[in-house]
Amino acid sequence: MELNENYINQIVQNVVKNLEKAAPQQRLKGVFDSMTDALEAVNKAYQFYRSYSIAQREKMIANIRKLTLEEAETLAKLGVEETGMGRIADKIIKHQLVANKTPGTEDLKPTALTGDDGLTLVEMAPFGVIGSITPSTNPSETVICNSIGMIAGGNGVVFNPHPNACRTANYAVDLVNRAIVEAGGPENLVVSVAKPTMDTSKEMMASPIVRMLVATGGPGVVRTLLSSGKKAIGAGAGNPPVIVDDTADVAKAGRDIVLGASFDNNLPCIAEKECFAFSNIADELIDSMIKNGAYMIDGDQVERLKKIALIEKDGKFGINKKWVGKDASLFLKELGIDSDAKLIICETEEMHPFVQVEMMMPILAIVRVNSIEEAIKMAVNAEHGNRHSAHIHSKNIDHLTAFAKAVETTIFVKNAPSYAGIGAGGEGYTTFTIAGPTGEGLTAAHSFTRARRCVMVDGLHII
Ligand code: NAD
């Protein structure tokens, strides 16, 4: 994808300058200084929105899609600039995916039951105002994707975005509001706060205005929302393994894994985060990865990289947040290597922290295995019961089936880069809120609705 860097820089600088200059209330549409004001505004908008038709909802959503495509570059650049994470070209693709493949109102499927006793209809009704907490890794993508699904379901939305990504998330809130109002919808159907904190999050969770909560992030936020006493959807962490066996098209597997694991510097929760390769094809796989843009490190370099990427505390490893989503070339520079590789690969043993920790960095550990049983055991172990995503390259149906059954993930991709699992080069719609813990799976409009039954006895059935 060709980018005019100067042009984008200019737009971003203008946006940032205007944000800084503007009076707080005028800053961005739908963005409030206090959670109390945001809640009041969205509640008012939601009451108004209840009278809107499905066709009107669709008109608003069409405009959100249009503006997202028009402003994808600005959003991508803002996200990278504010968070220091990810790659602009990949973030543009993520926004295009959100705009083109997030389901709208067509996802709401009513059911009709007819018979001797009459007609019963089940319709998917709004929940009301939904409180949504969003991550730093896909700040504007999640806001736009959740907004489309939640509005399609007839709801209003209040966001409490990640504090380190709130400028980008709130720019997306502004975009959604501009799109809605331009399409004849109410102001403030989607709101947020200028400075999100744990206090604003608590106020949002406790407010009687908020009828449903959606957490997209790590285990902490999912736990907190699930203990709120309200209906909650939890989209949590993953650590997706990828297995490559000796029936796979190994050259293609190497290419696909580099594409998936390096995409947006490995920020996506679905991205390949460790690889289990059959010993008899491991060298060929590594060669293919190198041919497709990976850089192989070994020995002392792996240990030095561990000290950069991870922090050890009480014998346990956690991520060094400063390095999340950074370019592979920056890690390599720290090792004294000048390379523009997209992904760093290395061989490790199973229990190495590069295998066990969800790093969200363009670093992929490869572990040699001798059988599918060994590969599956290690992969299931590394996935830590998140039941999020797992991937495999194989032509052996028994291997494909056995791994899918054992790992029990929401997303399971066979013979393709991981992002095929969210509709990029694979069939199916997209989402940036993948709810494994609470079981909604790939969320869409229907996830944000209540099933309501309406019964007519002895009439309206026509046979
Ligand atoms: P994070 O957990 O640090 O933050 C996510 C959001 O939760 C932020 O808005 C943060 O402020 C808030 N938060 C954190 N702890 C909280 C608590 N105790 N109470 C209330 N709010 C709290 O996540 P991040 O670093 O921004 O994102 C990366 C993580 O999110 C990874 O683990 C990744 O796998 C996961 N993720 C999952 C999905 C999915 O669809 N399942 C999508 C994107 C990211």
Notebook entry, point to check: Roughly speaking, what is the centre-to-centre gap between the stretch 380-418 and the stretch 157-205 when only Cα atoms are used, to the nearest Å?
Noted result: 36 Å
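Using helices alone, what [θ] at 222 nm do you get for the chain, with -39,500 (n - 2.57) per DSSP H run of 4 or more residues, divided over all residues and rounded to the nearest 500?
Values: 16 runs with 193 residues, N = 463.
Rounded to the nearest 500, the figure is -13000 deg cm²/dmol.
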Notebook entry, point to check: Taking the simple approach of a point 7 Å from Cα along Cα-to-Cβ for both residue 314 and residue 287, what is their distance in nm?
Noted result: 4.8 nm
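Let's test the formula: R0 of 60 Å, r as the Cβ-Cβ distance of residue 371 and residue 195. What FRET efficiency results, to the nearest 0.05? Could the numbers behind the result be given before it?
Working: r = 53 Å, r/R0 = 0.89.
In this case the efficiency is close to 0.65.
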Check: So how strong a dipole does the chain carry about its Cα centre when Lys and Arg Cβ are +1 and Asp and Glu Cβ are -1, to the nearest 20 debye?
Finding: 1480 debye
Note to self: For a quick check: with amide H placed at 1.01 Å from N, whose amide H comes under 5 Å from residue 363's, ignoring anything fewer than 5 positions away on the same chain?
What the structure shows: 344
Margin query: Just to confirm my numbers, what's the Cα centroid distance between the stretch 111-145 and the stretch 304-378 in Å?
Written below: 38 Å
Check: Of the peptides 183-191, 332-340, how do they stack up when ordered by the mean number of other Cβ atoms within 10 Å, highest first?
Finding: 183-191, 332-340
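Would you please put 315-323, 250-258, 136-144 in order of how densely packed they are, using the mean number of other Cβ atoms within 10 angstrom per residue and starting with the highest?
Numbers: 315-323: 13.3, 250-258: 22.9, 136-144: 29.7.
Output ranking for 315-323, 250-258, 136-144: 136-144, 250-258, 315-323.
Where a ≥ b ≥ c are the square roots of the eigenvalues of the C-alpha gyration tensor, would you call the stretch 20-113 rounded, which needs a/c under 1.5, or, failing that, prolate if a/b is larger than b/c, or oblate? Kindly include the intermediate steps, with their values, before the conclusion.
Values: a/c = 2.53, a/b = 1.20, b/c = 2.11.
Verdict is oblate for the stretch 20-113.
Contact order normalised by length for the chain, with contacts defined as Cα pairs under 8 Å and 6 or more residues apart; what percent is it? Before the final figure, lay out the partial values.
On the way: 997 pairs, mean separation 92.3, N = 463.
Contact order relative to length: 20 percent.
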Next item on the list: Output the antiparallel fraction of DSSP beta bridges having both residues in the chain, as a percent to the nearest 5.
Entry: 30 percent
Next item on the list: Could you go through the stretch 347-359 in sequence order and give the Karplus-derived ³J(HN,Hα) for each residue, using 6.51 cos²θ - 1.76 cosθ + 1.60 with θ = phi - 60°, rounded to whole Hz, and x for Gly and Pro?
Entry: 9, 9, 8, 4, 8, 4, x, 5, 8, 8, 9, 6, 8
Check: Can you list the residues, at least 5 places off or on another chain, whose amide H is less than 5 Å from the amide H of residue 190, using H built in the peptide plane?
Finding: 157
Notebook entry, point to check: Of 96, 456, 392, which is farthest on the positive side of the dipole of the chain, counting Cα position, with +1 on Lys and Arg Cβ, -1 on Asp and Glu Cβ, and the Cα centre as origin?
Noted result: 456
Checklist line | ³J(HN,Hα), Karplus 6.51/-1.76/1.60, whole Hz, each residue of the stretch 108-114, x for Gly, Pro | finding: 8, 10, x, 10, 10, 10, 10
Margin query: If I take every Cα pair under 8 Å that is 6 or more residues apart in the stretch 279-364, average their sequence separation and divide by the length, what percent do I get for the relative contact order?
Written below: 32 percent
Notebook entry, point to check: When ranked by the protection proxy of mean other Cβ atoms within 10 Å per residue, highest first, what sequence do the peptides 170-176, 208-214 form?
Noted result: 170-176, 208-214
Item checked: Cβ charges +1 (Lys, Arg) and -1 (Asp, Glu), total dipole of the stretch 168-248, debye -> 420 debye
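Per 0.36 nm of contour for each residue apart, how much would the distance between residue 44 and residue 247 grow if the chain were fully extended, relative to their Cα-Cα spacing?
So the chain would gain 67.2 nm between residue 44 and residue 247.
Please tell me which of these pairs span more than 28 angstrom C-alpha to C-alpha: 306/395; 230/316; 321/342; 94/273; 195/321; 59/202?
Over 28 Å Cα-Cα: 306/395; 230/316; 59/202.
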Next item on the list: For residue 461 paired with residue 33, estimate the spin-label separation in nm (one decimal), with each label point 7 Å from Cα along the Cα-to-Cβ line.
Entry: 6.0 nm
Margin query: Nearest 10 degrees is fine. How inclined is helix 54-70 to the longest principal axis of the chain, computing both from alpha carbons?
Written below: 40 degrees
Next item on the list: With a Förster radius of 22 Å, plug the Cβ-Cβ distance of residue 58 and residue 112 into 1/(1 + (r/R0)^6) and report the FRET value to the nearest 0.05.
Entry: 0.55
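With a probe of 1.4 Å, find how much accessible area the chain has per residue, and write the answer as a whole number in Å². Each step should come with its number before you reach the end.
Working: 19800 Å² over 463 residues.
That works out to 43 Å² per residue.
The values are calculated or read from the model by the stated rules, or taken from the named source; none is laboratory data. Since the structure is predicted, the reported quantities are computational estimates derived from the model, not experimental observations. In this analysis, Cβ positions are derived from the backbone assuming ideal geometry, glycine residues included, and neighbour counts consider all displayed protein chains. Accessible surface is based on the protein model in full, side chains and every heavy atom, while ligands, DNA and RNA are left aside. Shrake-Rupley method; radii C 1.70, N 1.55, O 1.52, S 1.80 Å.
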